[in-house]
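Heads up, the thing below is written out as structure tokens.
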Amino acid sequence: MKLTLFLLTMIWSFDAFSKVYYSKQIKDSDLGKAFSTQSHQVGDHCLVGQISYHKDLSGSLDYFQRVNSSNIRRRTFGEVHGGVNLFIIAGSVSTSMTHRNATDNKTMTSQLHLKLDEGYSTLEQRSVKDGKDISQCGTHFIYQVNYGRDIFINTRLHFRTEEDFKRFVIKIKIRLLFFKKTFTKIREIEKYAENAVFSVDVNSNGPLPAELQAKLNAKPTHCSGKNISPCLETLASLVDYSFDANGLVKDLAELEKVPRSFVVAGFQDSGHYGAQDWQAVQQNYLYEKTWHAVEAHFGDAVRTLQRAEAFLAVASESEKPQLEAQKVAAEQALLDATQLRETCFASPWLGQCQL
């Protein structure tokens, strides 16, 4: 069964010939399945064994400002050893979380990032599944599933043009959008952000706690740059909840753990001989520039739609027709970028991929 995977090459682990891929779709039930390191597809169950969950819980809450998609990926998924660049292989829907949390030259962003590691499961006491010919299983199998949850609380100023953004940066003394609310600071922002939109949003790789979602539903999340106070009240409520000992962390502990990544290992390295000839998992550098360009194009489309939605949310009745048309155009551009991304990660040599 073909699975659409969001795969991100991360780190050599388990041994010198295993690798970790990012995917929130691989679960304990997939342990022991064959995995192609060339096509990045999951195959049939080839090994069976005992699933062992290792409880290894830890977390951190950090503040960031104006980070790009590479910074977000490093923070969320970790660095790659040996200087290998990070590549998103497939799964644009999940990938958009990375780009929604990144900033660009038309947006000022400040964010809180809660990162939770929720342990991992491995397949132990492994044996070949009855009736399975291991020579038909390829070279690698899914050995380990890592669990973890990321929550980003973002506050942003969306500007219509890069010139508006630059004007704001030059004129205003405030660089942080998380700040103790004072009349002077609010007036300073509103003076130079009158044509911008102030927004507050929360996103995660898993479901949000009911209490957090309720807070978002109950208060304004988009405000005109001329009147940001209602959204600052929303932000204050979310921050208080995040740092409350009986708030966000406690509520997250009651939710099911979320798959973050998985480890593949070679059959022969695991002691199961008779599989296809072992081959090292290697990074293809030939189309590195192409993949980066396509991924950047996709990220721009994600943020353009996000910006269109922000301006539409605070539009007057007379402004809505034009802004609704812009949103429709941004939605189509994102669909096109998604299709291009899928095509070019599979066939990067095509002319349409040379952006």
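Filtering segment 109-123 to residues that are hydrophobic (A, V, I, L, M, F, W, C) and more than 15 Å from Phe152 (Cα to Cα) leaves only Leu123. Considered as a group, the residues in segment 239-254 that are in contact with a Gly (Cβ under 8 Å, 6 or more places away or on another chain) and surrounded by 16 or more Cβ atoms within 10 Å (Cβ to Cβ) include one that is modelled with the lowest pLDDT, and that residue is Val249. From the residues in segment 199-234 that are open to solvent by 50 Å² or more (accessible area, probe 1.4 Å) and in a loop (DSSP other than H, G, I, E, B), which one is farthest from Glu188 (Cα to Cα)? By that ranking, first place goes to Pro207.
For first residues located in segment 50-63 and at negative phi, partners that are modelled with pLDDT under 80 and lie 6+ apart or on another chain with Cβ distances below 9 Å form the pairs Asp62/Arg75; Tyr63/Leu176; Tyr63/Phe178. Within segment 222-271, being among the polar types (S, T, N, Q) and over 21 Å from the mean Cα position of the chain (by Cα) holds for Ser224, Asn227, Ser229, Thr234, Ser237, Asn246, Gln268, Ser270.
Counting the residues of segment 130-142 that are modelled with pLDDT of 90 or more and open to solvent by 50 Å² or more (accessible area, probe 1.4 Å) gives 1. If you go through segment 144-171 and keep only what is farther than 30 Å from Asp30 by Cβ and assigned to a strand (DSSP E or B), you end up with Ile153, Asn154, Thr155, Arg156, Leu157, His158. Considering only residues that are in contact with a Lys or Arg (Cβ under 6 Å, 6 or more places away or on another chain) and among the aromatic types (Phe, Trp, Tyr), which ones fall in segment 135-174? The answer is Tyr147, Phe159, Phe165. For segment 25-72, filtering for residues that are buried (at least 19 other Cβ atoms within 10 Å of the Cβ) and of a type in the set (A, V, I, L, M) leaves 6.
Based on this model, can you work out whether Lys185 counts as under 24 Å from the mean Cα position of the chain (by Cα) and either touching a residue at least 40 places away in the same chain (Cβ under 8 Å) or farther than 30 Å from Cys137 by Cβ (or both)? Criteria not met by Lys185.
Restricting attention to segment 304-345, the residues that are open to solvent by less than 90 Å² (accessible area, probe 1.4 Å), farther than 13 Å from His222 by Cβ and in contact (Cβ under 8 Å) with a residue 40 or more places away in the chain total 6. Scanning segment 289-347 for residues that are outside any helix (DSSP H, G or I) and among the aromatic types (Phe, Trp, Tyr) yields no hits at all. Based on what the data block shows, is Leu350 hydrophobic (A, V, I, L, M, F, W, C) and more than 30 Å from Val197 (Cα to Cα)? Considered against the rule, which asks whether it is hydrophobic (A, V, I, L, M, F, W, C) and more than 30 Å from Val197 (Cα to Cα), Leu350 comes out as yes. For beta carbons closer than 8 Å, sequence separation of 6+ or different chains, a first residue in segment 211-235 that is in contact (Cβ under 8 Å) with a residue 24 or more places away in the chain and a second that is exposed (fewer than 15 other Cβ atoms within 10 Å of the Cβ) and part of a helix (DSSP H, G or I), the qualifying pairs are Cys223/Ser229. In segment 144-166, the residues that are open to solvent by 10 Å² or more (accessible area, probe 1.4 Å) form Cβ pairs under 8 Å with partners that are part of a helix (DSSP H, G or I) and not basic (Lys, Arg), at six or more places apart or across chains, as follows: Arg160/Phe311.
The values are calculated or read from the model by the stated rules, or taken from the named source; none is laboratory data. From a predicted model like this one, the values you see are computed outputs, not experimental measurements. No Cβ is skipped: glycine too gets one built from the backbone with ideal geometry, and neighbour counts run over all protein chains shown. Only protein heavy atoms, including side chains, enter the accessible area calculation; ligands, DNA and RNA are left aside. Shrake-Rupley method; radii C 1.70, N 1.55, O 1.52, S 1.80 Å.
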